[in-house]
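To start, the structure under review is shown below, and the notes come after it.
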Amino acid sequence: MSRINSLAELEEFRKGILSKRDPNKPCITLCSGSACHASGSEEVAAIIEEELEKQGLSSSVDFRKTGCHGFCERGPIIVIHPEEICYLQIEPKDVPEIISQTIKEKKVIERLLYTDPGANEKIIHESEIPFYKYQERLVFGSNGNIDPKRIDDYLAIGGYSALAKVLFRMTSEEVLSEVKKSNLRGRGGGGFPAGSKWEGSRNALGEIKYVIVNADEGDPGAYMDRALLEGNPHSVLEGLTIGAYVIGSHEGYIYVRQEYPLAVENVNIAIKQAQEYGLLGKNILGSGFDFTVKVHQGAGAFVCGESTALMTALEGRAGEPRPKYVRSNVVGLWGRPSVLNNVETWANVPLIINNGADWFAQLGTENSKGTKIFSLVGKITNTGLVEVPMGMTLRDIIYKIGGGIPGGKRFKAVQTGGPSGGCIPEELLDLEVGFDELTKAGSMMGSGGMIVMDEDTCMVDVARYFLDFLTDESCGKCVPCREGMRQMLKILTNITHGKGKEDDIELLEELSETAGDASLCALGRTAPNPFLSTLRYFRDEYEAHIKEKRCPALSCKELIAYHIDPKKCQACMICLKKCPAEAIAGGKNRIHVIDQEKCTKCGTCFEVCPPRFGAVQKISGEPVPAPIPEEARTIIRESKQK
Amino acid sequence: MKAGSAMLSPEVKEQKWIRGKKQIRKATMVNERIDQIIDKHQGEASSLIQVLLEIQSENHWLPKEALERVSEKLHVPLTRIQHIATFYKAFSLVPKGRHEIHLCVGTACHVRGATRVLDTVQDLTGIKPGETDLDLKFSLQTVNCLGCCALGPVMDVNGKTHGKLAPSKIAEVLKNYE
Amino acid sequence: MNEILLQIDGKEVGAREGMTLLMAARSAGILIPTLCHHEKLEPYGGCRICMVEVESRGSTKLVVACVYQVEKNLVVRTRSEKVDRIRKMILELLLAHAPDAPELQDLAKEYGADKDRFEKEASFCIHCGLCVRYCAEVKKKNAVGFIDRGIRKEISFIPEIASKECWNCKECFPLCPTEALQAAFVLTRALYTSPLSNKNGCGDTYRGQQ
């Protein structure tokens, strides 16, 4: 493939690609993101290729393995074009039928369609499925149309036209001005205006400057950057190159966490293909602008998502953050001006250039423009990645798109912002999602993780969980974080074990103040947030744990006991056989009784007791009823009485 | 008077020489590979972490000799390498088992009951996160998010993901690994 | 000479560009407590006890004096309710590790820190990093370093280097604010594995220290 050396050649080449693509030609797209991969999409892909071959359709039907479609709960997903028929939870055995019925005979297979739980009707088209209908998939939507390993797919949807526009039709001042006007704020957590950050670097002294993609995505439960990098790496490369052009940088880095091997692979392929086409490297598109990109892998440290720690890691050291009184866009990597932005931030840039800052600023709220990709996970019916305009309410996201809480359980809280964020309770569900709105409520936007929690989640345990996470991930350099959190974790663990003391909450608040004010980096400064926000909205749970040794959510192992209600037990023996501690006594027609001494609180009996009996209960804060006497344990069945 | 090599018979001397050569060859092979990896990264100290990641990936652990070799070739103090090798979770200074279990304890999986799954895995394998059992069969590690939240609780064994787990299902899953 | 005028605790102080608040304060005779600072070493910013309040352009923030550089018209307060509260807590957290350290005890008296606020921790080390940084930056031997992170972080000697270098050096011992013997103990344990250890018997050095 020969290099493209001008804007005109790029457009010619693009036309060439499009002319060879018939929009009416049947095309099967299969989601091959990491989650669907784990659900078996590789096997499905193999069968599709086999079947197409077998039925002689390989040249008349396109097959495209795309990036993540977002509806991870229902993967593997297939969308058949041009009709846009969406089939969910595909298994290899469904494939022959799909090929013969839908591809050949244009007949829809009902059982593979989405069923609207409310109206109980089947929905054929992807865009009409409620999960997708209420989203605004500007950045993420392209994932479903391109094979990340084929640059031509990206070019076919208009890729690299923004870069060409920037290099040949705009000055770098104009580009900076557009980005500033759009009010694009960092999508990684800080929410800092990208335009200001770029301007700072652009104006800083120095010949050598860097642009960096932060693809460390350490927040547990957040995987949108992964899906973007895996599914549409060129959008990130394009945005990065534009940013480099604006600030005058010729060297870029992509720092990807090591736990994302597919993302690393796809990004490397994308870089290679872009270089072959002259869209990256020396003299890009014949413009005279040079820019190269290197990929660096992380090695398993959450703190390396913090910008100074990330730069320290890029320098080949242990990722300890540095006290930062001069911004890193002036003194950053190797002491040089460096613009570090999140994957999603970079991916927004080509859109802003192509469509204009005004278009971008139409969406969203006054201070939070554009869209945001959230990972909606936890106790939610439709787990997946959703892209919504800023300003949509949490209620709409969780209920309209997310489908509400499964199992008929009650919503309790939604955790946003990862370990630096907080929990938002039911009374605030009408909050409009945005940077400042979430911060005001005691949480933060963070990278976009949205973990939904229901009545079975213990909020004290949530605080303890995050503190456990943060003590594991803290770099350990400064006292307020290392020692402060060490003590906070001890106290919270004791509380969840029923050993809480009267002045624990006060001490936790004091430690929170110290860590929040005196820590060296944002990890330490925001570490108290999960505790503070759960205390703010769920203080009653803390008091129950401390004063009554009771866990209202019936979750903390040390504070609950499992008990089989003798009135409900039907002696079906399921729990007895499954109990890993062999702690259940009983037999056929003999009511089962749990030996509290042997019970390990694993919860298996609670899981496996048939719902129609529901005999296993969890008790907290009160003594377990004494086991009924042996004589009373025989069940006399009505049928036998006759 | 110490028995010098002059006192040993020619046959014994030859045996010792062959054994010695084999040992040197074994160590040299590892060093050669390490040198290759370092050269691939242009021998730059800033690529230290990338170099160690490659060695870890091929060797499944970082022997002390490997760290010393890297220190020598990249002109980086051993303390810095030691810090990196212990700071980052990706590295292991002890050999790993045949089957590496990575259990997700990310927030979404936690909320869906990953703690109870972890307890069960610990009970069944006899090891805690960060440990390897004595037969070098299983190594257990907790990870903070595999990105498969829709399938939570999730466990990855040798790269294969097992989703929608519960304590009652673990024995079944682990049975497949010899 | 570029003189920068700023105010520290109500006093007008003249400083050179590039000076840290700590240096400027010292030049004016104002003492700010430090634990991880040393004139021969790069500022570390780890203990956070030198935290001070600074006011500039209408906003107040907390910064570490050992790193923050002087600015024109900066208003610095080295003591305040907030600053004192932070220092007290930092001391109490560190006293859980090293309740007998003289430096910590003196500061504890001044800030009213209670050494029994927290349960005692197993390790004496307060991670000031002086030993590690001194060996790296001044002696350039790198005989001792950090390992691991967070609450599992520790200092560790490299036996092969320590056995060669530390016998005749030991300059890091008096730097240790908690227990010089702790450093010695770790060192002698490390020396046990070296072939030279048979010669002097580490016990001799240990007793010699006392």
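The values are calculated or read from the model by the stated rules, or taken from the named source; none is laboratory data. Just so it is clear, the model here is predicted, and its values are computed rather than measured. As a convention, Cβ positions derive from the backbone with ideal geometry for all residues, glycine included, and neighbour counts pool all protein chains shown. Areas reflect the complete protein model, heavy atoms only, side chains present, ligands, DNA and RNA absent. Shrake-Rupley method; radii C 1.70, N 1.55, O 1.52, S 1.80 Å.
The table that follows gives values for the structure above.
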| quantity | calculated |
| --- | --- |
| Whichever residue in region B:158-173 is open to solvent by less than 50 Å² (accessible area, probe 1.4 Å) and within 13 Å of chain A (Cβ to nearest Cβ) and, among such residues, is nearest to residue A:578 (Cα to Cα) | B:168 |
| Checklist (1) farther than 30 Å from residue A:462 by Cβ; (2) modelled with pLDDT under 90; (3) surrounded by 13 or more Cβ atoms within 10 Å (Cβ to Cβ) applied to residue B:111, failing item | (1) |
| Among the residues listed as A:298, A:281, the single one being open to solvent by less than 10 Å² (accessible area, probe 1.4 Å) and modelled with pLDDT under 95 | A:298 |
| Members of region A:245-277 found to be touching a His at 6+ places or on another chain (Cβ under 9 Å) and either of a type in the set (Ser, Thr, Tyr) or outside any helix (DSSP H, G or I) (or both), listed by number | A:253, A:254, A:255, A:256, A:259 |
| Residue A:207, sole failed condition from (1) open to solvent by less than 20 Å² (accessible area, probe 1.4 Å); (2) of a type in the set (D, E, K, R); (3) at negative phi | (1) |
| Index of the failed condition, residue A:360 passing every other in (1) more than 13 Å from chain B (Cβ to nearest Cβ); (2) open to solvent by 40 Å² or more (accessible area, probe 1.4 Å) | (2) |
| Residue A:579 vs. criteria open to solvent by 20 Å² or more (accessible area, probe 1.4 Å) and on the phi < 0 side of the Ramachandran plot | yes |
| Unique residue being charged (D, E, K, R) and open to solvent by less than 20 Å² (accessible area, probe 1.4 Å) when the list is A:541, A:502, A:548 | A:541 |
| Residues being within 10 Å of residue A:421 (Cβ to Cβ) and facing chain B (nearest Cβ under 9 Å) - total across region A:435-460 | 2 |
| Residues of region A:461-480 that turn out to be facing another protein chain (nearest Cβ under 7 Å) and either surrounded by fewer than 24 Cβ atoms within 10 Å (Cβ to Cβ) or touching a helix residue (DSSP H, G or I) at 6+ places or on another chain (Cβ under 7 Å) (or both), as a count | 11 |
| Qualifying positions in region C:28-49 - in contact with a Gly (Cβ under 6 Å, 6 or more places away or on another chain) and open to solvent by 10 Å² or more (accessible area, probe 1.4 Å) | C:44 |
| Elements of type strands (runs of 3 or more DSSP E) in region A:409-526, at least 1 residues being in contact (Cβ under 8 Å) with a residue 40 or more places away in the chain and farther than 25 Å from residue B:148 by Cβ | A:422-425 |
| Verdict on residue A:272 being open to solvent by 30 Å² or more (accessible area, probe 1.4 Å) and within 13 Å of another protein chain (Cβ to nearest Cβ) | no |
| Meets criteria (open to solvent by 10 Å² or more (accessible area, probe 1.4 Å), more than 12 Å from every other protein chain (Cβ to nearest Cβ) and touching a Gly at 6+ places or on another chain (Cβ under 9 Å)) for residue A:432 | yes |
| Scan of region C:105-140 for residues that are within 30 Å of residue C:162 (Cα to Cα) and away from chain A (no Cβ under 13 Å), ordered by number | C:124, C:130, C:131, C:134, C:135, C:137, C:138, C:139, C:140 |
| Scope region A:147-184; condition farther than 16 Å from residue A:202 by Cβ, surrounded by fewer than 21 Cβ atoms within 10 Å (Cβ to Cβ) and not β-branched (Val, Ile, Thr); matching residues | A:147, A:149, A:150, A:152, A:153, A:156, A:158, A:161, A:165, A:168, A:169, A:183 |
| Tally of residues being touching a Pro at 6+ places or on another chain (Cβ under 8 Å) and of a type in the set (Phe, Trp, Tyr) across region A:194-219 | 1 |
| Pick from region A:285-309, criterion of a type in the set (A, V, I, L, M) and within 12 Å of chain B (Cβ to nearest Cβ), ranking: nearest to residue A:246 (Cα to Cα) | A:295 |
| Matching option when the condition is open to solvent by 20 Å² or more (accessible area, probe 1.4 Å), more than 30 Å from residue C:6 (Cα to Cα) and outside the structural domain of residue C:44 (by TED's automatic domain parsing), among C:115, C:153, C:88 | C:115 |
| Residue list for region A:15-27, restricted to those being open to solvent by 20 Å² or more (accessible area, probe 1.4 Å) and within 35 Å of the chain's Cα centre (by Cα) | A:18, A:21, A:22, A:23, A:24, A:25, A:26 |
| Residue check for residue A:483: closer than 12 Å to residue C:89 by Cα and surrounded by fewer than 24 Cβ atoms within 10 Å (Cβ to Cβ) | no |
| Some residue of region A:326-335 being among the charged types (D, E, K, R) and within 20 Å of the chain's Cα centre (by Cα) | no |
| Pairs, first free of Cβ contacts under 8 Å to residues at least 60 places away in the same chain and open to solvent by less than 20 Å² (accessible area, probe 1.4 Å) in region A:310-335, second in a loop (DSSP other than H, G, I, E, B) and aliphatic (A, V, I, L, M), C-beta under 8 Å, six or more apart | A:312/A:318; A:313/A:299; A:313/A:301; A:316/B:76 |
| Condition broken by residue A:589, with the remaining ones in (1) on the phi < 0 side of the Ramachandran plot; (2) surrounded by 14 or more Cβ atoms within 10 Å (Cβ to Cβ) satisfied | (1) |
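Yes/no matrix, rows are residues, columns are (1) in contact (Cβ under 8 Å) with a residue 12 or more places away in the chain; (2) among the polar types (S, T, N, Q); (3) away from every other protein chain (no Cβ under 14 Å):
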{"residue": "A:580", "(1), (2), (3)": "yes, no, no"}
{"residue": "A:583", "(1), (2), (3)": "yes, no, no"}
{"residue": "A:589", "(1), (2), (3)": "yes, yes, yes"}
{"residue": "A:595", "(1), (2), (3)": "yes, no, yes"}
{"residue": "A:600", "(1), (2), (3)": "yes, yes, no"}
{"residue": "A:612", "(1), (2), (3)": "no, no, yes"}
{"residue": "A:616", "(1), (2), (3)": "yes, no, no"}
{"residue": "A:621", "(1), (2), (3)": "yes, no, yes"}
